[in-house]
């Protein structure tokens, strides 16, 4: 059922329609022209599905630069983050693999770090002569061996810890919250979102004469709610917190605009692949708006995992196109590598797929038979075609997303066969995943403690 339905659903739903139509050969730009494209990967933090004005949105939302990406590229209606919280999504994003394959299930796993056995997209591009830089929130390990300059990046400006970073207090504090330039903590001033724009523009200006990969993970619009007063004064929704959120969103959108302007100013805009998405669904705590989607960050309903997702590549993807094919953030790495003409390593499983054929409208098959989410504890979900099965605290719920995007009508009792098949798909997938890092680490700590006690007893 799942494969056949997914194929029929794909053929019916996912036609990429742009101005005048747009279908290209599946050959990469790099192969066709000999010029490797630059790549800018922009990630927002906790942004609501309705908090981009190129999506269905409340009237107060205005994001002209995110809209600019959509007008010049492909907007995905069914784009997903691979987790409902940020750190696991980032682990999957940079590796092209479901993060569960290497045990990275929760935000807490970031305190351990992205396993050193994993290869990042920056590792692979750097070997091909790319300049590589990350500007923003890292959240994939605090110890030196886990930091950006040891994971394939040439440059780093940002912070190592979680998204709840003060936007104005940028002085040296500790490993978790200090602002770093490369490997050294620094004192800085200003508004953090503006600073990230400054550093991203600088990276482009310094490296535009060679292929570059810029990873720009904003911490906006993550809590705490902080923005310059002149931005806050622009809004009057009747909710002070929402006004601050919208001010933060505006600041981030302007920062994205500065990056896009830098690409144009340096003459590399036409040879730059830009990918934008949010690391998970909008958060209730920061007053995000997920529109018609149910729930928020930290849940496997659509509001926790379906996100704004846009891909722009001038001359290689259609303009002002909309694609409803389900894709997921682990697809980013294979897509980048395909565009750059870089072979995917064969020494490991890559769960992500190259999105380019789907975005161009030239594929006759769905990109994925099924998509999966799993927090290693109490929540998981699986989607195949229009059907989505969720499990929360052992309770199974089935939704037809084609007819019920808001997940209001649980069809589990009416469609037991669909429930069974999706549950089996998840079980088959889950058996291939690793156990949670935190669980394995806890066992090691207990074992080391027992061994230490035995050694001490022997010495006595």
In whole angstrom, note down how far apart the Cα centers of segment 150-200 and segment 330-344 are. 28
Let's test the formula: R0 of 30 Å, r as the Cβ-Cβ distance of residue 417 and residue 292. What FRET efficiency results, to the nearest 0.05? 0.60
I'd like the antiparallel share, as a percent to the nearest 5, of DSSP beta bridges with both residues in the chain. 55
Mean Cα-pair separation over length for segment 84-125, i.e. relative contact order, pairs under 8 Å, 6 or more apart, %: 44
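How high is the FRET efficiency between residue 265 and residue 319 when r is their beta carbon distance and R₀ equals 22 Å, given to the nearest 0.05?
Step by step, r from the Cβ atoms, then E = 0.60.
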Theoretical gain in end-to-end length, residue 205 to residue 424 [0.36 nm per residue, Cα-Cα removed]: 73.8 nm
Based on the alpha-carbon gyration tensor of segment 228-325 and its eigenvalue square roots a ≥ b ≥ c, which shape applies: rounded if a/c is under 1.5, prolate if not and a/b is larger than b/c, or oblate? oblate
Only Cα pairs under 8 Å and at least 6 apart count here; give the relative contact order of the chain as a rounded whole percent. 27
State the extension gain, in nm to one decimal, for the chain segment bounded by residue 408 and residue 149, taking 0.36 nm per residue of separation less the distance between their alpha-carbons. 88.7 nm
When a footprinting reagent is the concern and you count Cβ atoms within 10 Å, what order do 325, 254, 240, 393 take, fewest first? 393, 240, 254, 325
With contacts defined as alpha carbon pairs under 8 Å and 6 or more residues apart, what's the relative contact order of segment 318-392 in percent? 24
Taking other Cβ within 10 Å of each residue's Cβ, how do 126, 432 sort, fewest first? 432, 126
By its C-alpha gyration tensor, with a ≥ b ≥ c as the square roots of the eigenvalues, how is segment 85-189 shaped: rounded for a/c under 1.5, else prolate for a/b larger than b/c, else oblate? oblate
Based only on other Cβ atoms within 10 Å, what is the fewest-to-most ordering of 285, 59? 59, 285
Net length gained if the chain between residue 168 and residue 349 were fully extended (0.36 nm per residue, minus Cα distance): 61.0 nm
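The numbers here are math on the coordinates, done by the rules we state, and not lab data. Worth saying up front: this structure is predicted, and the values here are computed from it rather than measured. When we count neighbours, we look across all protein chains shown, and the Cβ atoms used for this are built from the backbone with ideal geometry, even at glycine.
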